[in-house]
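First the structure, in the form of structure tokens, and then the observations on it.
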Amino acid sequence: MVAPAQATGVLHGAPIIKAVKEAGVSHVLSVPDIHTAGGLLTPIRSDPDFQLIRTCKEDEAFGIAAGLTYGNKRALILIQYTGFLYSMNAIRAIACEHKQPMCMMIGLLSKEVGVAPQDSKKFGLRIIEPILDVMGVERHYIDADEDVAVIAPAIMRAYENSHPVAMLIGRKPV
Amino acid sequence: MMNRTKCLQTLAPHLKDEIVVATYSTASEWVEMSDRALNYYSFGAMGLASSHGIGLALARPERRVIVLDGDGSLLMNLGTLVTIGAVAPKNLVHMVWCNGSYEANGGHPLPNREVDFCAMARAGGIANVRRIESHADFEAQLPAILTEEGPLFVQMMIEQGPLGPRKYDDMYKAERRQRLREALNA
């Protein structure tokens with residue numbers, strides 16, 4: 001499900017974090033992404049409702065999230081789109097073939113404001129949605145505050161049905 | 001050099017409610033010898049066994065989590081040693097079975113068979129590090145491995161094992177995963 005890109009509007013980090021909490025997420029696994037570092041990772045770092053686990057590479061986060069899932073804990077994987085691309089084999093195995101509820105929040109670094117990812121001048125951004133589609137991963141485009149309402153239901157659905165979900169952060173959260 | 005089968009046979013009778021995360025060649029032997037409900041098999045994304053172990057250790061701090069990793073696997077995810085050092089789960093034991101080869105991939109040698117994983121683990125922030133080269137030493141250290149506060153890193157020096165086919169699909173079948181979930185949430 002993709003909302004059209006908006007040239008106007010704003011995306012705040014606080015409601016995103018609130019939605020993640022509403023979905024029962026207790027652990028955030030992340031490699032810092034300059035796109036989401038200020039608006040999401042910095043407040044999460046000091047939020048007592050989350051345990052932040054910093055990993056060295058993004059694919060580690062998928063293994064950790066799977067282990068947490070077996071132990072009945074919910075995790076959010078907060079990474080940049082380049083880290084998503086790096087983690088492709090872990091996502092293929094753990095999220096897609098093993099059908100684990102991997103919940104990804106993926107920063108689309110340097111995406112042009114008002115331009116949909118598939119229309120970006122950046123090759124790396126244009127290929128993200130097609131890759132998710134061919135892998136059968138549910139995806140949501142979060143580009144403004146009005147898009148945030150999909151986050152909590154998407155994460156809860158992922159855990160209830162044991163399937164992966166990707167939330168693409170188009171605009172830099174403030 | 002030790003024999004992996006003999007070491008696993010030594011380990012198995014000592015286990016009670018520990019979660020064992022096994023991967024590739026070691027998993028192939030472990031599932032035949034000790035097919036427990038609390039076994040967790042890590043396949044498909046080579047190198048991530050210890051990452052799965054971190055997640056399990058954090059989610060279930062009341063249980064000891066023993067990861068049976070391989071040296072080829074660990075080389076694909078060396079950052080895990082830094083992550084384990086930082087997260088420092090007290091209930092995590094990371095055992096790395098070192099035969100200097102990608103045994104599950106045809107037995108070809110690692111780029112460097114002399115890698116000092118203990119030094120890497122220490123550098124990553126794991127203080128409790130052991131290197132075991134004989135069965136007698138393994139038997140002597142096993143009680144501590146099963147009780148000391150973690151994270152523990154154990155480098156097991158073994159000879160290469162058989163290169164026969166592995167039943168990965170069987171190990172990761174849905175019934176085993178459901179059995180694990182039920183055992184973890186009993």
If the elastic network links every pair of Cα atoms under 10 Å, which of A:I34, A:I131, A:I17 fluctuates the most in the Gaussian network model of chain A?
A:I131
Order these by the 10 Å Cβ neighbour count, fewest first: A:L52, A:L68.
A:L52, A:L68
Quick one: B:Y172, B:Y41, fewest Cβ neighbours within 10 Å first, how do they rank?
B:Y172, B:Y41
Rounded to whole angstrom, the alpha-carbon centroid of segment A:80-130 lies from that of segment B:53-90 at a distance of 26 Å
Go through A:K99/B:K173; A:K18/A:K172; B:K90/B:K173 and tell me which ones have a Cα-Cα distance over 23 Å in this structure.
B:K90/B:K173
Estimated FRET transfer efficiency when R0 is 35 angstrom, pair A:L52-B:R179 (beta carbons, to 0.05)
0.65
In whole Å, what three semi-axes, largest first, describe the equivalent ellipsoid of segment B:120-175 built from its Cα gyration tensor (square root of 5 times each eigenvalue)?
27, 17, 14
Let me see the pair-distance distribution of chain B: every alpha carbon pair, 5 Å bin width, integer percents in order.
1, 8, 18, 23, 23, 17, 8, 2, 0
Contour minus Cα-Cα span, B:T5 to B:S134, at 0.36 nm per residue, comes to 45.1 nm
Where is the GNM fluctuation largest for chain B (alpha-carbon springs, 10 angstrom cutoff): B:D169, B:D17, B:D35?
B:D169
Other residues with Cβ under 12 Å from the Cβ of B:V129 give, with Lys and Arg +1 and Asp and Glu -1, a net charge of +1
Give the residues of segment B:144-170 whose amide nitrogen is closer than 14 Å to a point set 7 Å from the Cα of B:K90 in the direction of its Cβ.
B:147-152
Using just the Cα positions, wrap segment A:13-169 in a convex hull and report its mean projected area in square nanometres, one decimal place.
8.1 nm²
Given charges of +1 on the Cβ of Lys and Arg and -1 on the Cβ of Asp and Glu, with all other atoms neutral, how large is the dipole of segment A:1-146 about its Cα centre, in debye to the nearest 20?
280 debye
Signed unit charges on C-beta, dipole axis of chain A, positive-most listed residue A:I64, A:Y141, A:C103
A:I64
Ratio of alpha-carbon Rg to the 2.2 N^0.38 Å globular estimate for the protein assembly as shown, to two decimals, please.
1.02
Only counting other Cβ atoms within 10 Å, I'd like A:D119, A:D145 sorted with the fewest neighbours first.
A:D119, A:D145
With r defined as the distance between the Cβ atoms of B:L146 and B:E32 and R0 fixed at 25 Å, what FRET efficiency is calculated, to the nearest 0.05?
0.70
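Here, each number is a calculation from the coordinates, and none is a lab measurement. Since we're looking at a predicted model, the values are computed, not measured. Ideal geometry is used to build each Cβ from the backbone, glycine not excepted, and the neighbour counts take in all protein chains shown.
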